[in-house]
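Q: The following block contains the structure, expressed as C-alpha coordinates.
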Amino acid sequence: MNQHDADGSVPALRTDRLGRRYGKVWGLRDCTLEVPAGAVAALVGPNGAGKTTLLEMIIGLLEPTEGQVSVFGETSRAGTAETLARVGYVAQDHPLYRDFTVADMFHLGRAMNPRWDQKLAAARVEALGIPLKRKVKGLSGGQQAQVSLTMALAKRAPLLVLDEPVSSLDPVARLEFMRDVMATAADHALTFLISSHVVSELERFCDWLIILSGGHVQLAGPADDLLDAHRLLTVPRATPDADLPGRTIHRTDSDRHSAVLVRAEAGQLAVQGHAGWQADPVSFEQLVMAYLQRTSTAATTGNPAPAAEGPGPNTKAVSR
Amino acid sequence: MFRFRLDGSSGVPPYLQLVHQVRQSLLLGYLQEGDRLPTVKDVAADLVINPNTVVKAYRQLEHEGLAGGRPGQGTFITATSSPVPPAAQQDLRASLEAWLRAAEQAGLDHEAVTALIAVARQDLKQDIRQDLKEERVR
(Lines give C-alpha, C1' and ligand atoms only; values in the text may rest on other atoms or scores of the structure.)
Protein backbone atom coordinates (compact mmCIF):
# COMPACT_ATOMS: atom_id res chain seq x y z
CA MET A 1 0.00 0.00 0.00
CA ASN A 2 1.26 3.40 -0.89
CA GLN A 3 0.29 6.55 0.94
CA HIS A 4 1.30 9.80 -0.62
CA ASP A 5 1.61 13.29 0.72
CA ALA A 6 -0.28 16.17 -0.78
CA ASP A 7 2.82 17.00 -2.82
CA GLY A 8 3.15 13.44 -4.06
CA SER A 9 6.11 12.39 -1.93
CA VAL A 10 5.86 9.40 0.36
CA PRO A 11 6.60 10.23 3.99
CA ALA A 12 9.42 8.26 5.60
CA LEU A 13 7.16 7.47 8.51
CA ARG A 14 3.45 7.66 9.07
CA THR A 15 1.44 6.43 12.00
CA ASP A 16 -2.31 6.32 11.70
CA ARG A 17 -4.41 6.36 14.88
CA LEU A 18 -1.81 4.15 16.44
CA GLY A 19 -2.52 2.79 19.89
CA ARG A 20 -1.22 0.21 22.30
CA ARG A 21 -2.98 -1.02 25.40
CA TYR A 22 -1.29 -2.75 28.31
CA GLY A 23 -4.10 -4.52 30.15
CA LYS A 24 -6.57 -1.75 30.90
CA VAL A 25 -4.14 1.10 30.43
CA TRP A 26 -3.36 2.72 27.10
CA GLY A 27 0.36 3.37 26.76
CA LEU A 28 -0.29 5.33 23.61
CA ARG A 29 -3.52 6.23 21.87
CA ASP A 30 -4.75 7.88 18.72
CA CYS A 31 -1.26 8.72 17.58
CA THR A 32 -1.31 10.09 14.06
CA LEU A 33 1.84 11.68 12.76
CA GLU A 34 4.16 11.95 9.81
CA VAL A 35 7.86 12.46 9.31
CA PRO A 36 8.91 13.50 5.80
CA ALA A 37 11.82 11.80 4.06
CA GLY A 38 15.16 13.43 4.85
CA ALA A 39 14.03 14.98 8.12
CA VAL A 40 15.81 14.77 11.42
CA ALA A 41 12.87 14.50 13.78
CA ALA A 42 13.03 14.89 17.54
CA LEU A 43 10.67 12.99 19.79
CA VAL A 44 10.34 14.58 23.22
CA GLY A 45 8.14 13.83 26.18
CA PRO A 46 8.31 13.15 29.90
CA ASN A 47 8.93 9.65 31.24
CA GLY A 48 5.83 7.55 30.78
CA ALA A 49 4.64 9.66 27.85
CA GLY A 50 4.56 6.66 25.55
CA LYS A 51 7.81 7.33 23.69
CA THR A 52 9.24 3.84 24.04
CA THR A 53 5.87 2.29 23.15
CA LEU A 54 5.75 4.44 20.00
CA LEU A 55 9.36 3.69 19.03
CA GLU A 56 8.94 -0.06 19.58
CA MET A 57 5.89 -0.11 17.32
CA ILE A 58 7.75 1.90 14.67
CA ILE A 59 10.70 -0.46 14.59
CA GLY A 60 8.42 -3.50 14.52
CA LEU A 61 9.20 -4.95 17.95
CA LEU A 62 5.72 -4.33 19.34
CA GLU A 63 2.35 -5.11 17.80
CA PRO A 64 -0.12 -2.17 17.85
CA THR A 65 -3.47 -2.72 19.56
CA GLU A 66 -5.04 -0.43 17.00
CA GLY A 67 -3.95 1.67 14.04
CA GLN A 68 -0.88 1.11 11.93
CA VAL A 69 2.63 2.20 11.07
CA SER A 70 3.91 2.69 7.54
CA VAL A 71 7.52 3.22 6.58
CA PHE A 72 8.00 4.77 3.16
CA GLY A 73 4.44 3.82 2.28
CA GLU A 74 4.76 0.16 3.29
CA THR A 75 2.59 -0.99 6.17
CA SER A 76 4.72 -2.52 8.90
CA ARG A 77 4.04 -5.98 10.32
CA ALA A 78 5.52 -6.36 13.75
CA GLY A 79 8.09 -9.11 14.10
CA THR A 80 8.57 -9.80 10.40
CA ALA A 81 12.10 -9.78 9.03
CA GLU A 82 11.05 -7.45 6.24
CA THR A 83 9.78 -4.77 8.62
CA LEU A 84 12.70 -5.16 11.02
CA ALA A 85 15.15 -4.72 8.14
CA ARG A 86 13.61 -1.45 7.01
CA VAL A 87 14.24 0.47 10.20
CA GLY A 88 17.66 0.91 11.80
CA TYR A 89 17.55 1.12 15.56
CA VAL A 90 20.01 2.40 18.11
CA ALA A 91 18.75 1.51 21.58
CA GLN A 92 19.37 3.60 24.63
CA ASP A 93 21.91 1.28 26.25
CA HIS A 94 23.61 0.29 22.96
CA PRO A 95 23.13 -3.44 23.51
CA LEU A 96 26.19 -5.20 22.16
CA TYR A 97 27.71 -8.51 23.23
CA ARG A 98 30.46 -7.52 25.62
CA ASP A 99 32.73 -10.46 24.82
CA PHE A 100 32.38 -10.05 21.06
CA THR A 101 34.89 -8.09 19.07
CA VAL A 102 33.68 -5.33 16.78
CA ALA A 103 34.31 -7.71 13.84
CA ASP A 104 32.17 -10.38 15.56
CA MET A 105 29.34 -7.89 15.94
CA PHE A 106 29.57 -7.14 12.23
CA HIS A 107 29.43 -10.88 11.39
CA LEU A 108 26.28 -11.08 13.44
CA GLY A 109 24.85 -8.07 11.62
CA ARG A 110 25.64 -9.63 8.27
CA ALA A 111 23.95 -12.89 9.26
CA MET A 112 20.80 -11.11 10.37
CA ASN A 113 20.35 -8.46 7.68
CA PRO A 114 19.85 -9.20 3.98
CA ARG A 115 21.21 -5.82 2.83
CA TRP A 116 24.16 -5.64 5.24
CA ASP A 117 26.90 -3.34 3.94
CA GLN A 118 30.18 -4.71 5.30
CA LYS A 119 32.27 -2.13 3.46
CA LEU A 120 30.39 0.75 5.02
CA ALA A 121 30.66 -0.80 8.49
CA ALA A 122 34.40 -1.41 8.21
CA ALA A 123 35.12 2.01 6.72
CA ARG A 124 33.17 3.79 9.44
CA VAL A 125 34.88 2.21 12.41
CA GLU A 126 38.24 2.72 10.73
CA ALA A 127 37.51 6.41 10.22
CA LEU A 128 36.48 6.63 13.87
CA GLY A 129 39.68 4.91 15.00
CA ILE A 130 37.92 1.89 16.51
CA PRO A 131 39.94 -1.35 16.01
CA LEU A 132 37.91 -4.24 14.55
CA LYS A 133 39.70 -6.69 16.85
CA ARG A 134 38.87 -4.82 20.04
CA LYS A 135 36.27 -6.46 22.28
CA VAL A 136 33.12 -4.49 23.00
CA LYS A 137 33.87 -4.37 26.73
CA GLY A 138 37.16 -2.65 25.94
CA LEU A 139 35.48 0.23 24.14
CA SER A 140 34.52 3.54 25.71
CA GLY A 141 30.83 4.44 26.05
CA GLY A 142 31.15 6.79 23.11
CA GLN A 143 32.76 4.09 20.96
CA GLN A 144 30.04 1.59 21.87
CA ALA A 145 27.46 4.14 20.79
CA GLN A 146 29.38 4.60 17.52
CA VAL A 147 29.50 0.84 16.88
CA SER A 148 25.79 0.63 17.63
CA LEU A 149 25.07 3.43 15.14
CA THR A 150 27.36 1.79 12.59
CA MET A 151 25.40 -1.48 12.93
CA ALA A 152 22.18 0.44 12.29
CA LEU A 153 23.66 2.25 9.28
CA ALA A 154 25.10 -0.91 7.74
CA LYS A 155 21.61 -2.40 7.62
CA ARG A 156 21.06 0.11 4.82
CA ALA A 157 17.72 1.05 6.32
CA PRO A 158 16.29 4.33 5.06
CA LEU A 159 14.79 5.21 8.45
CA LEU A 160 16.91 5.31 11.60
CA VAL A 161 15.40 5.40 15.07
CA LEU A 162 17.67 6.51 17.89
CA ASP A 163 16.28 6.09 21.41
CA GLU A 164 18.06 8.42 23.82
CA PRO A 165 21.33 7.73 22.00
CA VAL A 166 23.47 10.06 24.08
CA SER A 167 21.91 9.82 27.54
CA SER A 168 24.66 7.52 28.80
CA LEU A 169 27.52 9.54 27.30
CA ASP A 170 29.64 12.30 28.79
CA PRO A 171 29.37 15.76 27.18
CA VAL A 172 32.38 15.34 24.88
CA ALA A 173 31.36 11.87 23.68
CA ARG A 174 27.84 13.21 23.23
CA LEU A 175 29.04 16.04 21.02
CA GLU A 176 31.26 13.73 18.96
CA PHE A 177 28.46 11.21 18.52
CA MET A 178 26.02 13.88 17.34
CA ARG A 179 28.69 15.40 15.09
CA ASP A 180 28.94 12.00 13.44
CA VAL A 181 25.16 11.70 13.14
CA MET A 182 24.89 15.15 11.53
CA ALA A 183 27.69 14.42 9.05
CA THR A 184 26.05 11.08 8.22
CA ALA A 185 22.70 12.80 7.68
CA ALA A 186 24.44 15.18 5.25
CA ASP A 187 26.11 12.32 3.36
CA HIS A 188 23.26 9.86 2.97
CA ALA A 189 19.62 10.37 2.15
CA LEU A 190 18.44 9.15 5.53
CA THR A 191 15.58 10.02 7.83
CA PHE A 192 16.19 10.14 11.57
CA LEU A 193 13.82 9.90 14.48
CA ILE A 194 15.67 10.73 17.69
CA SER A 195 14.14 10.63 21.15
CA SER A 196 15.84 12.75 23.74
CA HIS A 197 15.49 14.36 27.13
CA VAL A 198 18.14 16.98 26.45
CA VAL A 199 15.76 19.66 25.21
CA SER A 200 18.33 22.45 25.16
CA GLU A 201 20.45 20.62 22.57
CA LEU A 202 17.67 19.49 20.28
CA GLU A 203 17.19 22.72 18.37
CA ARG A 204 20.52 22.30 16.61
CA PHE A 205 19.80 18.72 15.59
CA CYS A 206 16.22 18.53 14.47
CA ASP A 207 14.04 20.19 11.86
CA TRP A 208 10.92 18.27 12.82
CA LEU A 209 9.46 18.18 16.29
CA ILE A 210 7.09 15.72 17.93
CA ILE A 211 5.96 16.34 21.50
CA LEU A 212 4.35 13.36 23.20
CA SER A 213 2.71 13.49 26.59
CA GLY A 214 0.20 11.37 28.42
CA GLY A 215 0.02 8.91 25.56
CA HIS A 216 -1.02 11.59 23.06
CA VAL A 217 0.71 13.72 20.46
CA GLN A 218 0.64 17.30 21.76
CA LEU A 219 2.41 19.00 18.88
CA ALA A 220 4.06 17.80 15.68
CA GLY A 221 5.42 19.48 12.59
CA PRO A 222 8.35 21.39 11.06
CA ALA A 223 10.25 23.00 13.94
CA ASP A 224 10.59 26.43 12.30
CA ASP A 225 6.88 26.62 11.42
CA LEU A 226 5.93 25.64 14.94
CA LEU A 227 8.19 28.35 16.37
CA ASP A 228 6.63 30.88 13.99
CA ALA A 229 3.15 29.92 15.12
CA HIS A 230 3.82 30.68 18.79
CA ARG A 231 4.52 33.87 20.69
CA LEU A 232 5.34 34.76 24.24
CA LEU A 233 2.98 37.56 25.25
CA THR A 234 3.66 39.85 28.16
CA VAL A 235 0.37 41.36 29.28
CA PRO A 236 -1.04 42.99 32.43
CA ARG A 237 -1.84 40.37 35.04
CA ALA A 238 -5.59 40.82 35.00
CA THR A 239 -5.91 40.06 31.28
CA PRO A 240 -8.10 36.96 30.88
CA ASP A 241 -7.11 34.27 28.39
CA ALA A 242 -10.27 34.98 26.41
CA ASP A 243 -8.95 38.44 25.50
CA LEU A 244 -5.65 37.13 24.18
CA PRO A 245 -5.04 36.31 20.54
CA GLY A 246 -4.77 32.63 19.74
CA ARG A 247 -4.88 29.71 22.12
CA THR A 248 -3.17 29.81 25.51
CA ILE A 249 -0.68 27.01 25.95
CA HIS A 250 1.03 28.01 29.17
CA ARG A 251 0.68 30.95 31.51
CA THR A 252 2.88 32.28 34.28
CA ASP A 253 1.41 35.05 36.41
CA SER A 254 3.68 37.37 38.34
CA ASP A 255 2.64 40.33 40.52
CA ARG A 256 1.86 42.73 37.70
CA HIS A 257 2.40 40.87 34.47
CA SER A 258 1.54 37.57 32.96
CA ALA A 259 3.78 35.77 30.53
CA VAL A 260 1.57 33.75 28.25
CA LEU A 261 2.75 31.40 25.55
CA VAL A 262 0.08 31.33 22.86
CA ARG A 263 -0.42 29.51 19.62
CA ALA A 264 -1.91 31.62 16.86
CA GLU A 265 -2.00 31.83 13.11
CA ALA A 266 0.15 34.50 11.49
CA GLY A 267 -1.62 37.84 11.50
CA GLN A 268 -3.60 36.84 14.57
CA LEU A 269 -0.82 37.94 16.83
CA ALA A 270 -1.14 41.69 16.46
CA VAL A 271 -0.70 43.37 19.82
CA GLN A 272 -0.59 46.94 18.52
CA GLY A 273 -3.15 49.12 20.14
CA HIS A 274 -2.82 47.33 23.48
CA ALA A 275 -0.76 49.52 25.77
CA GLY A 276 1.63 47.45 27.81
CA TRP A 277 1.35 44.34 25.64
CA GLN A 278 4.39 42.81 24.10
CA ALA A 279 4.77 39.81 21.81
CA ASP A 280 8.14 38.09 21.56
CA PRO A 281 9.25 35.11 19.51
CA VAL A 282 9.63 31.93 21.54
CA SER A 283 12.79 29.90 21.74
CA PHE A 284 12.76 26.21 20.94
CA GLU A 285 13.26 25.34 24.59
CA GLN A 286 10.45 27.65 25.76
CA LEU A 287 8.12 26.05 23.25
CA VAL A 288 8.93 22.48 24.27
CA MET A 289 8.81 23.24 27.97
CA ALA A 290 5.45 25.01 27.66
CA TYR A 291 3.91 21.92 26.09
CA LEU A 292 5.60 19.52 28.49
CA GLN A 293 4.32 21.48 31.47
CA ARG A 294 0.69 21.47 30.50
CA THR A 295 -1.55 18.58 31.33
CA SER A 296 -1.30 15.53 29.27
CA THR A 297 -4.78 15.07 27.88
CA ALA A 298 -6.05 15.98 24.53
CA ALA A 299 -4.32 19.09 23.28
CA THR A 300 -4.93 17.86 19.80
CA THR A 301 -8.57 17.05 20.24
CA GLY A 302 -9.35 20.28 22.06
CA ASN A 303 -10.88 18.67 25.15
CA PRO A 304 -10.54 20.87 28.19
CA ALA A 305 -7.89 19.64 30.56
CA PRO A 306 -7.81 20.36 34.27
CA ALA A 307 -5.19 22.89 35.33
CA ALA A 308 -1.93 21.11 35.97
CA GLU A 309 0.44 21.47 38.84
CA GLY A 310 3.15 23.70 37.40
CA PRO A 311 6.71 24.05 38.62
CA GLY A 312 5.99 27.18 40.65
CA PRO A 313 3.14 28.37 42.86
CA ASN A 314 2.04 30.98 40.32
CA THR A 315 2.29 28.80 37.30
CA LYS A 316 -0.59 26.97 35.82
CA ALA A 317 -0.98 25.14 32.60
CA VAL A 318 -4.17 25.74 30.74
CA SER A 319 -5.78 24.26 27.76
CA ARG A 320 -8.95 25.22 26.05
CA MET B 1 37.41 29.61 4.25
CA PHE B 2 34.52 31.33 5.97
CA ARG B 3 33.50 29.76 9.27
CA PHE B 4 30.11 29.99 10.89
CA ARG B 5 29.47 30.05 14.61
CA LEU B 6 26.36 29.34 16.60
CA ASP B 7 25.10 31.10 19.69
CA GLY B 8 22.94 28.58 21.51
CA SER B 9 21.54 31.09 23.97
CA SER B 10 20.52 33.85 21.56
CA GLY B 11 17.03 32.54 20.89
CA VAL B 12 17.53 33.19 17.18
CA PRO B 13 16.82 30.05 15.10
CA PRO B 14 20.08 28.46 13.89
CA TYR B 15 19.31 28.89 10.19
CA LEU B 16 18.70 32.61 10.69
CA GLN B 17 21.96 32.93 12.61
CA LEU B 18 23.80 31.54 9.58
CA VAL B 19 21.98 33.91 7.22
CA HIS B 20 22.72 36.89 9.50
CA GLN B 21 26.40 36.02 9.65
CA VAL B 22 26.74 36.03 5.88
CA ARG B 23 24.83 39.31 5.60
CA GLN B 24 26.95 40.94 8.29
CA SER B 25 30.18 39.64 6.85
CA LEU B 26 29.22 41.05 3.47
CA LEU B 27 28.41 44.37 5.02
CA LEU B 28 31.71 44.49 6.86
CA GLY B 29 33.68 43.25 3.87
CA TYR B 30 34.77 39.90 5.39
CA LEU B 31 33.00 38.09 2.56
CA GLN B 32 33.23 39.13 -1.06
CA GLU B 33 31.79 38.12 -4.37
CA GLY B 34 33.21 34.80 -5.55
CA ASP B 35 34.06 33.51 -2.07
CA ARG B 36 33.05 29.91 -1.54
CA LEU B 37 30.96 29.03 1.49
CA PRO B 38 31.81 25.79 3.33
CA THR B 39 29.94 22.66 2.22
CA VAL B 40 26.73 21.65 3.95
CA LYS B 41 28.45 18.63 5.44
CA ASP B 42 31.37 20.68 6.77
CA VAL B 43 29.08 23.18 8.46
CA ALA B 44 26.89 20.39 9.86
CA ALA B 45 29.90 18.58 11.32
CA ASP B 46 31.71 21.74 12.41
CA LEU B 47 28.78 23.25 14.32
CA VAL B 48 27.13 19.87 15.08
CA ILE B 49 23.87 20.98 13.52
CA ASN B 50 21.28 19.46 11.28
CA PRO B 51 22.43 19.64 7.63
CA ASN B 52 18.87 20.62 6.62
CA THR B 53 19.35 23.80 8.64
CA VAL B 54 22.41 24.67 6.56
CA VAL B 55 20.55 23.86 3.35
CA LYS B 56 17.72 26.12 4.48
CA ALA B 57 20.12 28.97 5.25
CA TYR B 58 21.87 28.60 1.88
CA ARG B 59 18.50 28.57 0.11
CA GLN B 60 17.52 31.75 1.91
CA LEU B 61 20.80 33.37 0.85
CA GLU B 62 20.13 32.33 -2.73
CA HIS B 63 16.63 33.71 -2.48
CA GLU B 64 18.06 37.03 -1.30
CA GLY B 65 20.49 37.04 -4.20
CA LEU B 66 23.51 36.90 -1.91
CA ALA B 67 24.76 33.43 -2.83
CA GLY B 68 24.34 30.88 -5.57
CA GLY B 69 25.02 27.17 -5.93
CA ARG B 70 27.26 25.91 -8.69
CA PRO B 71 26.59 22.23 -9.43
CA GLY B 72 29.37 20.05 -8.11
CA GLN B 73 31.38 22.98 -6.81
CA GLY B 74 29.49 24.38 -3.87
CA THR B 75 27.82 27.60 -2.84
CA PHE B 76 29.43 30.91 -3.71
CA ILE B 77 28.84 34.51 -2.76
CA THR B 78 27.29 36.23 -5.75
CA ALA B 79 26.47 39.64 -4.33
CA THR B 80 28.69 42.56 -5.07
CA SER B 81 29.48 43.51 -1.54
CA SER B 82 27.89 46.76 -0.57
CA PRO B 83 29.52 47.61 2.70
CA VAL B 84 28.27 50.61 4.57
CA PRO B 85 30.45 53.51 3.36
CA PRO B 86 33.20 54.10 5.94
CA ALA B 87 32.24 57.75 6.46
CA ALA B 88 28.60 56.91 7.17
CA GLN B 89 29.63 54.05 9.40
CA GLN B 90 31.91 56.36 11.38
CA ASP B 91 29.23 59.02 11.80
CA LEU B 92 26.62 56.54 12.92
CA ARG B 93 29.02 54.92 15.33
CA ALA B 94 30.02 58.26 16.85
CA SER B 95 26.43 59.30 17.45
CA LEU B 96 25.61 55.86 18.86
CA GLU B 97 28.54 56.06 21.27
CA ALA B 98 27.42 59.51 22.39
CA TRP B 99 23.95 58.14 23.00
CA LEU B 100 25.27 55.13 24.92
CA ARG B 101 27.33 57.46 27.14
CA ALA B 102 24.24 59.55 27.84
CA ALA B 103 22.28 56.41 28.68
CA GLU B 104 24.96 55.26 31.10
CA GLN B 105 25.02 58.63 32.82
CA ALA B 106 21.25 58.44 33.16
CA GLY B 107 21.75 55.17 35.04
CA LEU B 108 20.59 52.69 32.38
CA ASP B 109 22.26 49.32 32.59
CA HIS B 110 22.99 47.01 29.67
CA GLU B 111 19.60 45.36 29.80
CA ALA B 112 17.70 48.64 29.98
CA VAL B 113 19.62 49.93 26.96
CA THR B 114 18.78 46.81 24.97
CA ALA B 115 15.13 47.01 25.98
CA LEU B 116 14.93 50.68 25.03
CA ILE B 117 16.48 50.05 21.61
CA ALA B 118 14.09 47.16 20.99
CA VAL B 119 11.08 49.31 21.90
CA ALA B 120 12.27 52.22 19.75
CA ARG B 121 12.80 49.86 16.83
CA GLN B 122 9.34 48.43 17.26
CA ASP B 123 7.80 51.92 17.31
CA LEU B 124 9.77 52.94 14.25
CA LYS B 125 8.58 49.85 12.37
CA GLN B 126 4.98 50.61 13.27
CA ASP B 127 5.38 54.23 12.22
CA ILE B 128 6.73 53.13 8.88
CA ARG B 129 3.87 50.66 8.44
CA GLN B 130 1.38 53.37 9.40
CA ASP B 131 2.93 55.77 6.87
CA LEU B 132 2.70 53.13 4.16
CA LYS B 133 -0.94 52.47 4.97
CA GLU B 134 -1.80 56.17 4.86
CA GLU B 135 -0.01 56.52 1.56
CA ARG B 136 -2.03 53.66 0.14
CA VAL B 137 -5.25 55.24 1.38
CA ARG B 138 -4.35 58.46 -0.39
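The values are calculated or read from the model by the stated rules, or taken from the named source; none is laboratory data. It should be emphasised that the depicted structure is a prediction, and the values quoted were computed from it without experimental measurement. A quick note on method: Cβ atoms are made from the backbone with ideal geometry, for glycine too, and the neighbour counts reach across all protein chains shown.
Q: From the list B:A79, B:A87, B:A67, which residue is at pLDDT below 95, closer than 26 Å to A:A37 by Cβ and away from every other protein chain (no Cβ under 14 Å)?
A: After ruling out the rest, the residue left standing is B:A67.
Q: Only residues that are within 14 Å of chain B (Cβ to nearest Cβ) and hydrophobic (A, V, I, L, M, F, W, C): list them for the range A:16-69, please.
A: Matches in the range A:16-69: A:V35, A:A37, A:A39, A:V40, A:A41, A:A42.
Q: State all residues of the range B:4-29 that are in contact with a strand residue (DSSP E or B) (Cβ under 8 Å, 6 or more places away or on another chain), of a type in the set (A, V, I, L, M) and farther than 19 Å from B:D46 by Cα; if no residue qualifies, say none.
A: Result: B:L26, single match.
Q: In addition: Given the range A:156-235, what strands (runs of 3 or more DSSP E) lie entirely inside it while holding 1 or more residues that are within 11 Å of chain B (Cβ to nearest Cβ) and either over 30 Å from A:R110 (Cα atoms) or modelled with pLDDT of 90 or more (or both)?
A: A:191-195, A:208-213, A:216-222
Q: Restricting to the range B:65-97, and then to whatever is free of Cβ contacts under 8 Å to residues at least 24 places away in the same chain and surrounded by 12 or more Cβ atoms within 10 Å (Cβ to Cβ), can you tell me which residue is nearest to A:A185 (Cα to Cα)?
A: B:G69
Q: Would you check if A:Y97 is of a type outside the set (G, A, S) and surrounded by fewer than 19 Cβ atoms within 10 Å (Cβ to Cβ)?
A: yes
Listed here are the residues, each with its yes/no results for (1) part of a strand (DSSP E or B); (2) more than 26 Å from A:V166 (Cα to Cα).
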| residue | (1), (2) |
| --- | --- |
| A:G19 | yes, yes |
| A:G38 | no, no |
| A:A42 | yes, no |
| A:G48 | no, no |
| A:T83 | no, no |
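Q: Oh, and also: Among the residues of the range A:44-56, are any more than 19 Å from A:V181 (Cβ to Cβ) and in contact with a helix residue (DSSP H, G or I) (Cβ under 8 Å, 6 or more places away or on another chain)?
A: Looking for residues that are more than 19 Å from A:V181 (Cβ to Cβ) and in contact with a helix residue (DSSP H, G or I) (Cβ under 8 Å, 6 or more places away or on another chain), one finds at least one in the range A:44-56, hence yes.
Q: Here is a check on your reading of the model: is A:G67 within 29 Å of A:V166 (Cβ to Cβ) and small (G, A, S)?
A: Spelling it out, it is not the case that A:G67 is within 29 Å of A:V166 (Cβ to Cβ) and small (G, A, S).
Q: Next question, about the same structure. Looking at the range B:27-64, which of its residues are in a loop (DSSP other than H, G, I, E, B) and away from every other protein chain (no Cβ under 12 Å)?
A: Answer for the range B:27-64, where residues must be in a loop (DSSP other than H, G, I, E, B) and away from every other protein chain (no Cβ under 12 Å): B:G29, B:Y30, B:L31, B:Q32, B:E33, B:G34, B:D35, B:E64.
Q: Report whether or not A:L244 is modelled with pLDDT of 90 or more and more than 12 Å from every other protein chain (Cβ to nearest Cβ).
A: The answer is no for A:L244.
Q: Out of everything in the range A:278-294 that is small (G, A, S) and touching a strand residue (DSSP E or B) at 6+ places or on another chain (Cβ under 6 Å), what residue ends up being farthest from the other protein chains (Cβ to nearest Cβ)?
A: A:A290
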